[in-house]
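A quick write-up on the structure given underneath.
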Amino acid sequence: MPGFELFGAEEQKEVQDVLDNGVLMRYGFDPMRNGHYKALELEKDLAKRMQTKYAQVVSSGTAALTVALACAEIGSGDEVIMPTFTFVASFEAILSVGATPVLCDIDDTLTLDPKAVEACITTKTKAVMPVHMCGSMADLKALKNICNKHHLILLEDACQAIGGSYDGKPLGSYGDLGCFSFDYVKMVTCGEGGGLITNSEKYADRAHKYQDHGHDHVGNDRGAETHPFLGYNYRLSELNAAVGIAQLRKLDHILEVQEKNYTILRDALSSIPEVTFRRVPETGVESYAFLNIFLPNEDIARKAHKALGSHGVDACFYWFDNNWHYYKKWEHLLDQKSLGNLSKEIQSGLKKSNTSFPASDAWMGRTVSCLIKLSWTEQDVKERASKMTEAIKSVL
Ligand SMILES: *Cc1c(COP(=O)(O)O)cnc(C)c1O
């Protein structure tokens, strides 16, 4: 998965362009640039690859989610439905615009369960945020129908599934807004960075302003620009954008390599009747960033995870016990350990969320995910496949 495995001369060349003219910022300094506008170029490339009208790059995936929520007018008193299995960025972004995160069960797609989403909707709900964890997607059609019925925004967090698709559309482009992360461990990386895509002119127009202090970007004198609304600074630097340009060009190659490696491993594990695979919704195509398997029960899953490690199979995760990705260990959220005061709405909303999620626990307790790397040779993958098979069989 990490795009940094493929760093090379292409990234160096793009960065050198920026260093040659010394303009590290995306706005202004036109005469010095020698025609290089890396952030703008990355946005054009991203919109083209994702088949959307607009793209906005920002300083992180968390920032992309924050900007997306702000563009959709989500703020104080609003509720956003998010899954119990995700990265902490999901609730951080929601809290940062003053809204309340509402945790919701996942199903065997390892993402939001549409039925559970319907049960989470209240009069305060403004958006549903599916998170396409570990290379595959939520049942987007069902979620879109729910959003249409209740007039909610569908915001896709595609940070871990860039390049996958659903119903023939790139992940992130199916909902009203979609977000990507280009942080250091993602498939496309620029060190730190993120991107937002949309087909809405209104959201795109708000996004470029919001991520740059509300600047209207009219004319070529930043000091003279007006601020139609409050914003923040989530800009991406030209150096980061330069790396992103070279990396995004490698996305289709990355997908090809991942699919090949994933398929070898999956075929091998398919020979074990006790191993089943995460459900990919109909019409969905994974990014193949991870191979996600279910073991028959929690006890066997824990043992299998341990056995994989002791058989020398690295980069396998048992998310159920993970501090970053599963609600059980989000004590800082559930116990409301914020530095300053949270609003009354958020305080009472989080109390409501601070319950148990047995349906999520049943799936996550059985799940083991293994990262798919790009640098493996075919021999490496085949050896890995036999070690994985051996490790899992040893605990059945
Ligand atoms: C990485 C990630 C993010 C946040 O991205 P950063 O660029 O690290 O801020 C958000 N959501 C998911 C699912 C992620 O994996």
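Couple of notes before you dig in:
- A dipole drawn for the chain from +1 and -1 charges on Cβ atoms has a positive end, and of 50, 85, 234 the residue lying farthest that way is 85.
- Solvent accessible area, Å² - residue 263, 1.4 Å probe, full protein context: 60
- Overall shape of the chain was characterised from the C-alpha gyration tensor. The equivalent ellipsoid obtained from it has semi-axes of 35, 28, 17 Å, in decreasing order.
- Residue 218 versus residue 375: modelled label distance in nm, points set 7 Å from Cα along the beta carbon direction: 5.1
- When the surface is traced with a 1.4 Å probe over the full set of protein chains, residue 102 keeps roughly 20 Å² accessible.
- Helices of the chain meeting both criteria, an alpha-carbon length of 24 angstrom or more along the long axis and an average Kyte-Doolittle score not below -1.0, with helices taken as full DSSP H segments, are 251-269.
- Rolled with a 1.4 Å probe across the full set of protein chains, the surface gives residue 390 an accessible area near 110 Å².
- Sequence of 169, 352, 250 from largest to smallest accessible area, 1.4 Å probe: 352, 169, 250
- Database remark: amide H of residue 109 closer than 5 angstrom to the amide H of 279 (H placed geometrically; neighbours at sequence offset of 5 or more, or on other chains; Pro and chain starts carry no H).
- Our note on the geometry: Cα centres of segment 79-138 and segment 300-341, 18 Å apart.
- Taking every DSSP beta bridge that has both ends in the chain, the antiparallel portion is near 65%.
- Pairwise FRET efficiency - residue 169 versus residue 356, Cβ, R0 = 56 Å, nearest 0.05: 0.95
- Accessible area in square angstrom per residue, the chain, 1.4 angstrom probe: 42
- Net charge dipole size for the chain [Lys, Arg +1 and Asp, Glu -1 on Cβ; Debye, nearest 20]: 520
- Karplus (6.51, -1.76, 1.60) ³J(HN,Hα), θ = phi - 60°, over segment 290-297, in Hz, Gly and Pro reported as x: 9, 9, 10, 10, 10, 9, x, 7
- A simple spin-label model places pseudo-atoms 7 Å from Cα toward Cβ; at residue 185 and residue 323 they are separated by 1.2 nm.
- Expressed as a whole percent, the accessible surface of segment 160-209 that belongs to carbon and sulfur atoms is 44, based on a 1.4 Å probe.
- Separation in nanometres of the label points that stand 7 Å from Cα toward Cβ, at residue 73 and residue 124: 1.9
- Percent accessible area from carbon and sulfur atoms, segment 306-377, protein chains only, probe 1.4 Å: 54
- Segment 40-198: C-alpha gyration tensor shape, a/c 1.5 cut-off, then a/b vs b/c: prolate
- Candidate residues 25, 32, 133: accessible-area rank, largest first, probe 1.4 Å: 32, 25, 133
- Computed in the context of the full set of protein chains, the accessible area of segment 19-88 at 1.4 Å probe radius has 56% of its extent on carbon or sulfur.
- Amide H contacts under 5 Å for residue 28, placed H, 5+ residues apart: none
- Couplings 3J(HN,Hα) for segment 100-115, derived from phi with the Karplus relation 6.51 cos²θ - 1.76 cosθ + 1.60 (θ = phi - 60°), are 10, x, 10, 6, 9, 5, 9, 10, 6, 7, 6, 10, 3, 8, x, 5 Hz, where x marks Gly and Pro.
The values are calculated or read from the model by the stated rules, or taken from the named source; none is laboratory data. Source: prediction; values computed, not measured. Note that each Cβ is placed from the backbone with ideal geometry, even for glycine, and that neighbours are counted across all protein chains shown. Remember, those area values only see protein heavy atoms, side chains included, never the ligands or the DNA or RNA. Shrake-Rupley method; radii C 1.70, N 1.55, O 1.52, S 1.80 Å.
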